[in-house]
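The values are calculated or read from the model by the stated rules, or taken from the named source; none is laboratory data. Quantities reported herein were computed from a predicted structural model and do not represent experimental measurements. Ideal geometry is used to build each Cβ from the backbone, glycine not excepted, and the neighbour counts take in all protein chains shown. These area figures cover heavy atoms from the full protein model, side chains too; ligands, DNA and RNA do not enter into them. Shrake-Rupley method; radii C 1.70, N 1.55, O 1.52, S 1.80 Å.
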Amino acid sequence: MKLNKLLLRSAILFFIPFGMLMYNVHGQSSSEIYHELQKLKETKRVLYVAAHPDDENTRLISYLVNKENMQVAYLSLTRGDGGQNLIGKELGIELGMIRTQELLRARETDGGQQFFTRAIDFGYSRNPEETLNNWDREKLLNDIIWVIRKFQPDIIITRFNTLSGTTHGHHTTSAILAEEAFEKSGDPGVFPEHLKWYSPWKAKRIFWNAYSWGGKYEPKEDKIYHEFPVGEFNSLLGTTYSKIAADSRTMHKSQGFGATAQIGEAEDFVELVKGEPFQSGPFQGIANRWQELEQGKIIEDNINGLLQQFDFVDPSNNLDRLLEINAHLKKVKVDLPWVKEKKDVLNHLILKVLGFQSLYLANKELSFPTDEVTGKLILNNPSDHPIIIKRFKTLGMDRKLDEKISGNVPFDLETNLSLPKDFPVSQPYWLEKPIKDNLYTVENQQLIGMPFNQPAITGKVSLEIMDQLFEIEIPLKFRYNDQVDGEVIQPFTVLPKITLETDQKNVFLLNGKTTNINITVFFEKNLEKGELGFEGLSSGQFKILEENLDPDNKRIHYEVELTGQNGPEKSIISAFYKTQSGRVYNREKNRILYDHIPNLTYFQPSSFNLLQLDMDLSRQRIGYIPGAGDEVAGVLSNLGYQVEMLENDNFTQERLSAYSTIIVGIRAFNVNQKLANSVEDLMAYVRQGGNLIVQYNTIAPLLTKELGPYPLVVSRDRITVEGSPVKIGERDHPALLFPNKIKESDFEGWVQERGLYFPGSWDEKYQTPLIMQDPKEEATEGALLLADYGSGKFTYSGISWFRLLPAGVPGAIKLFVNLIEQNSEKRERISEME
């Protein structure tokens with residue numbers, strides 16, 4: 001994947017330390033600056049609450065931010081870790097990182113702010129009872145109340161209502177907890193530890209963002225509601241709120257949520273849930289916060305005056321009035337979050353009207369503790385109003401400058417940075433500690449709610465403009481020029497000095513035989529002498545066959561032989577490298593690179609699953625047709641199968657006949673039109689003796705109605721509880737007998753869910769050997785459909801193989817192997833031909 005372009009829009013305000021402006025390069029037009037001035041005047045605040053990235057109503061957020069000029073924040077309970085990924089193979093915490101950044105790009109687009117709780121998305125949940133069996137209610141309530149007290153909203157809006165069973169259990173839970181938090185956030189006796197930083201706060205009202213699935217919301221006579229005209233055109237911005245909302249929603253690319261804006265009028269409704277009734281609107285009776293400050297009326301009058309006389313042609317002519325407003329605002333000493341935020345916004349406007357630009361650039365993207373980094377500070381003031389650079393502080397440096405900049409002549413300063421040996425690596429803060437009970441472990445209260453880490457290194461610049469002092473903080477970044485994309489800017493990232501990488505995440509010891517694994521130790525500086533070891537293995541259970549030093553590439557490559565042991569079918573083994581100084585390194589570097597988000601880096605233990613299974617595998621050549629992206633093919637290769645990827649291939653009968661088994665990846669019939677057009681060839685392959693395994697597809701967009709040799713209809717049926725009971729209905733079915741005899745115990749230890757989007761109806765020619773059932777739900781036989789067709793075998797399954805096989809679940813691996821091994825006649829014929 002190509003390196004992405006970092007969007008250079010303004011930083012989310014939540015990133016900004018109160019009283020400190022985190023400054024970015026991106027310039028603004030006069031109309032955008034004027035729009036920010038309108039927001040400076042407005043003091044109303046709205047907190048929007050739902051469960052996942054992409055749950056938020058971007059149209060309502062866009063309207064409230066850009067029409068009503070309010071500060072609007074979206075609190076997502078989760079980072080979307082349990083969803084599916086349309087653009088790549090990342091799942092779990094990696095998908096959560098992607099969706100976090102997509103959500104931040106969405107907020108940059110619609111102008112909102114972003115918060116999160118510590119909750120982990122553990123997949124689909126049928127109801128809030130099931131959800132709260134997985135989440136610690138008290139901790140999540142703590143997080144929501146913390147955000148309310150920090151953000152201090154006037155009203156709260158939930159995307160979902162509290163009616164159980166109508167939608168995802170996470171959705172309903174978000175509304176239940178939001179209502180509880182609304183009631184309790186003003187009580188100083190509730191989570192009193194918050195009061196060290198923030199005062200109790202209770203919003204005036206809480207609403208449900210009312211909707212009717214499949215149709216227009218029809219208000220009920222006994223309900224108090226309000227209608228927002230969210231389809232209007234904003235002449236200042238040159239667009240509609242519907243278009244802003246569609247662009248915002250399109251940022252959720254991993255979920256395939258590209259959106260086209262509705263043209264013309266549109267409405268959104270909010271229905272009062274709790275709080276004071278109203279007649280004129282949701283904000284009736286909410287005070288103008290400026291009026292509560294000693295200098296507030298003067299400040300507001302000055303803002304109004306500037307709005308009336310704003311110079312759009314030369315924005316720098318607005319400087320005097322902005323500085324006058326700033327002088328009054330500096331006199332406000334009350335320690336209120338919204339006041340601190342307004343001060344930051346005003347500082348931002350003062351610099352923007354001058355066209356001020358700043359960059360702090362590193363000579364490399366990736367660094368490590370003890371490394372030497374060259375940084376270059378670049379400041380430019382294109383206006384004729386002088387700015388005096390008083391001081392610059394950064395890591396280990398504090399320099400007085402007294403340099404005057406004006407007239408579009410840039411100032412630059414080179415700095416030499418030495419990273420201390422204990423400098424923290426760029427690990428997302430919520431991944432620092434082990435996960436517990438479907439919640440991220442975050443011990444620092446002030447980090448809770450933050451969407452992402454602060455920059456690894458910043459430079460702090462003190463400025464003087466017409467005798468007023470300002471302090472801005474500039475993140476250190478890496479910039480380079482791409483021949484196609486031009487300027488690319490990425491976050492400066494700190495890595496561990498030494499990392500490890502294993503070539504397999506699932507290592508198989510079949511029938512007691514030995515196997516080999518390759519481990520590479522990477523050094524960010526020079527090779528350091530040390531020793532490779534393993535937690536979970538005794539000295540007699542591994543042997544280092546080769547140790548190859550590669551000083552030019554700063555790495556050591558090990559080939560290690562693993563020997564069977566008496567123990568469980570699955571164990572987790574951790575590799576480590578211990579230097580001669582006694583320092584132990586045991587983390588693996590992971591990079592996520594996509595064009596629409598910044599480069600992401602995180603570190604996890606350098607571990608692998610050791611799977612000791614007794615089963616005989618055939619010598620098979622498997623063709624794998626990828627769909628939306630999964631790791632199943634890699635697991636099968638580790639098992640010993642010869643797997644070839646059939647990407648963008650001609651899926652002709654002749655081409656397919658070279659393989660004894662063809663496996664179709666997840667959601668392939670949702671994303672691959674060429675495959676959907678080749679169903680007849682796939683069925684001909686089966687008819688003539690092939691073995692075809694099709695993994696799950698969603699109901700929309702489904703590019704073909706024909707998914708098998710006989711009719712089957714995909715539904716939303718699923719089994720959400722991974723530990724729910726499984727019954728074997730046809731114990732003598734060959735797919736449950738060879739080469740592994742499948743027992744009920746093989747369905748233990750599954751992860752996240754049993755499966756999803758099961759067929760809801762199917763032809764009687766399909767066999768359905770498995771019966772699955774969620775608690776208090778009807779049983780389903782749709783998890784695994786098997787059919788003989790001509791001389792071949794066909795399987796359609798919504799079982800979550802894409803999660804289970806990469807996670808090294810022994811029972812799931814055994815069952816999937818059985819599906820591959822069904823067609824021995826075809827297998828033997830191809831083997832003879834070879």
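Residue-by-condition table, conditions (1) open to solvent by 80 Å² or more (accessible area, probe 1.4 Å); (2) assigned to a loop (DSSP other than H, G, I, E, B); (3) in contact (Cβ under 8 Å) with a residue 60 or more places away in the chain:
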residue	(1), (2), (3)
S383	no, yes, yes
N416	yes, no, no
P424	yes, yes, yes
Q446	yes, no, yes
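Working only within region 57-77, note down all residues that are open to solvent by 20 Å² or more (accessible area, probe 1.4 Å) and within 13 Å of D247 (Cβ to Cβ).
The one that is open to solvent by 20 Å² or more (accessible area, probe 1.4 Å) and within 13 Å of D247 (Cβ to Cβ): R59.
Scan F492, F542, F523 and give me the residue that is aromatic (F, W, Y) and either open to solvent by 20 Å² or more (accessible area, probe 1.4 Å) or more than 24 Å from S367 (Cα to Cα) (or both). Working first, answer last.
Values: F492 fails: either open to solvent by 20 Å² or more (accessible area, probe 1.4 Å) or more than 24 Å from S367 (Cα to Cα) (or both); F523 fails: either open to solvent by 20 Å² or more (accessible area, probe 1.4 Å) or more than 24 Å from S367 (Cα to Cα) (or both).
On inspection, the qualifying residue turns out to be F542.
What about K460, is it over 20 Å from T78 (Cβ atoms), among the basic types (K, R), open to solvent by 20 Å² or more (accessible area, probe 1.4 Å) and assigned to a loop (DSSP other than H, G, I, E, B)? Walk me through how you get there before you give the answer.
On the way: over 20 Å from T78 (Cβ atoms): yes; among the basic types (K, R): yes; open to solvent by 20 Å² or more (accessible area, probe 1.4 Å): yes; assigned to a loop (DSSP other than H, G, I, E, B): no.
No: the conditions fail for K460.
If you go through region 18-32 one residue at a time, do you hit one that is open to solvent by less than 20 Å² (accessible area, probe 1.4 Å) and modelled with pLDDT of 95 or more?
No, there is no match, as no residue in region 18-32 is open to solvent by less than 20 Å² (accessible area, probe 1.4 Å) and modelled with pLDDT of 95 or more.
Among what's in region 258-274 and is surrounded by fewer than 18 Cβ atoms within 10 Å (Cβ to Cβ) and of a type outside the set (A, V, I, L, M), pick the residue that is farthest from A178 (Cα to Cα). Can you show your working first?
Let us first name the residues in region 258-274 that are surrounded by fewer than 18 Cβ atoms within 10 Å (Cβ to Cβ), namely 258-260, 262-265, 267, 274.
Still in the list and also of a type outside the set (A, V, I, L, M): 258, 260, 262, 264-265, 267, 274.
Numbers: G258: 28, T260: 30, Q262: 30, G264: 33, E265: 30, E267: 24, K274: 11 Å.
Applying the filter and picking the extreme gives G264.
Checking E130 against (1) more than 27 Å from N599 (Cβ to Cβ); (2) of a type outside the set (S, T, Y); (3) at pLDDT 95 or above, only one condition comes out false. Which one?
All conditions pass for E130, except number (3).
Could you list all residues from region 190-228 that are open to solvent by less than 60 Å² (accessible area, probe 1.4 Å), without any contact (Cβ under 8 Å) to a residue 60 or more places away in the chain and not hydrophobic (A, V, I, L, M, F, W, C)?
Matches in region 190-228: P200, Y211, S212, G215, Y217, P219, H226.
Here is a yes/no grid of residues against (1) of a type outside the set (S, T, Y); (2) surrounded by fewer than 20 Cβ atoms within 10 Å (Cβ to Cβ); (3) at pLDDT 95 or above:
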| site | (1), (2), (3) |
| --- | --- |
| Q565 | yes, yes, no |
| L593 | yes, yes, yes |
| L611 | yes, no, yes |
| R619 | yes, yes, no |
| Y624 | no, no, yes |
| Q642 | yes, yes, yes |
| Q653 | yes, yes, no |
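Given D732, D717, D649, which one is crowded, with 18+ Cβ neighbours inside 10 Å and of a type in the set (D, E)? Give the steps one after another, and end with the answer.
Working: D732 fails: crowded, with 18+ Cβ neighbours inside 10 Å; D649 fails: crowded, with 18+ Cβ neighbours inside 10 Å.
Testing whether each residue is crowded, with 18+ Cβ neighbours inside 10 Å and of a type in the set (D, E) leaves just D717.
For region 143-166, which positions are of a type outside the set (A, V, I, L, M, F, W, C), open to solvent by 20 Å² or more (accessible area, probe 1.4 Å) and either over 17 Å from K204 (Cα atoms) or at pLDDT below 95 (or both)?
Kept after step one, since they are of a type outside the set (A, V, I, L, M, F, W, C), are these residues of region 143-166: 143, 149-150, 152-154, 158-159, 161-162, 164-166.
In the following step, the residues that additionally are open to solvent by 20 Å² or more (accessible area, probe 1.4 Å) were identified as 150, 159, 161-162, 164-166.
Passing the criteria: R159, N161, T162, S164, G165, T166.
Go through the residues of region 598-613 one by one and say whether even a single one is free of Cβ contacts under 8 Å to residues at least 60 places away in the same chain and assigned to a helix (DSSP H, G or I).
No, region 598-613 has no match at all.
For G634, indicate whether it is assigned to a strand (DSSP E or B), modelled with pLDDT of 95 or more and over 20 Å from K433 (Cα atoms).
Values: assigned to a strand (DSSP E or B): no; modelled with pLDDT of 95 or more: yes; over 20 Å from K433 (Cα atoms): yes.
Criteria not met by G634.
Looking only at region 232-246, which residues are surrounded by 19 or more Cβ atoms within 10 Å (Cβ to Cβ) and either charged (D, E, K, R) or modelled with pLDDT under 95 (or both)? Outline the logic, then answer.
Filtering region 232-246 down to residues surrounded by 19 or more Cβ atoms within 10 Å (Cβ to Cβ) leaves 240-246.
Within region 232-246, K243 is the sole residue that qualifies.
Identify all residues within region 465-478 that are closer than 21 Å to L361 by Cβ and surrounded by fewer than 17 Cβ atoms within 10 Å (Cβ to Cβ); write none if there are none.
Here is the first cut: in region 465-478, the residues closer than 21 Å to L361 by Cβ are 471-478.
Selection gives E471 alone.
Among V442, V373, V409, which is the only one that is open to solvent by less than 80 Å² (accessible area, probe 1.4 Å), in contact (Cβ under 8 Å) with a residue 24 or more places away in the chain, of a type in the set (A, V, I, L, M) and part of a loop (DSSP other than H, G, I, E, B)? Spell out how you get there, then give the answer.
Working: V373 fails: part of a loop (DSSP other than H, G, I, E, B); V409 fails: open to solvent by less than 80 Å² (accessible area, probe 1.4 Å).
When all the criteria are applied, what remains is V442.
Does V339 fit the bill of being over 17 Å from Q468 (Cβ atoms), part of a helix (DSSP H, G or I) and either open to solvent by 20 Å² or more (accessible area, probe 1.4 Å) or at pLDDT 95 or above (or both)?
Numbers: over 17 Å from Q468 (Cβ atoms): yes; part of a helix (DSSP H, G or I): yes; either open to solvent by 20 Å² or more (accessible area, probe 1.4 Å) or at pLDDT 95 or above (or both): yes.
So V339 fits the description; yes.
From E588, E531, grab the single residue that is modelled with pLDDT of 95 or more and open to solvent by 30 Å² or more (accessible area, probe 1.4 Å). Let's see the steps before the verdict.
Values: E588 fails: open to solvent by 30 Å² or more (accessible area, probe 1.4 Å).
None of the other options fit; the residue is E531.
Yes or no, residue by residue, for (1) over 30 Å from F608 (Cβ atoms); (2) out of contact with any helix residue (DSSP H, G or I) (no Cβ under 6 Å at 6 or more places or on another chain); (3) at pLDDT 95 or above:
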| position | (1), (2), (3) |
| --- | --- |
| Q773 | yes, yes, yes |
| G782 | yes, yes, yes |
| A787 | yes, yes, yes |
| G790 | yes, no, yes |
| I799 | no, yes, yes |
| L805 | no, no, yes |
| A812 | no, no, yes |
| L815 | no, yes, yes |
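Being farther than 16 Å from K343 by Cα, open to solvent by 20 Å² or more (accessible area, probe 1.4 Å) and part of a helix (DSSP H, G or I) is the filter here; which residues of region 298-319 pass it?
Residues satisfying the conditions are D301, N304, L307, Q308, Q309, P315, N317.
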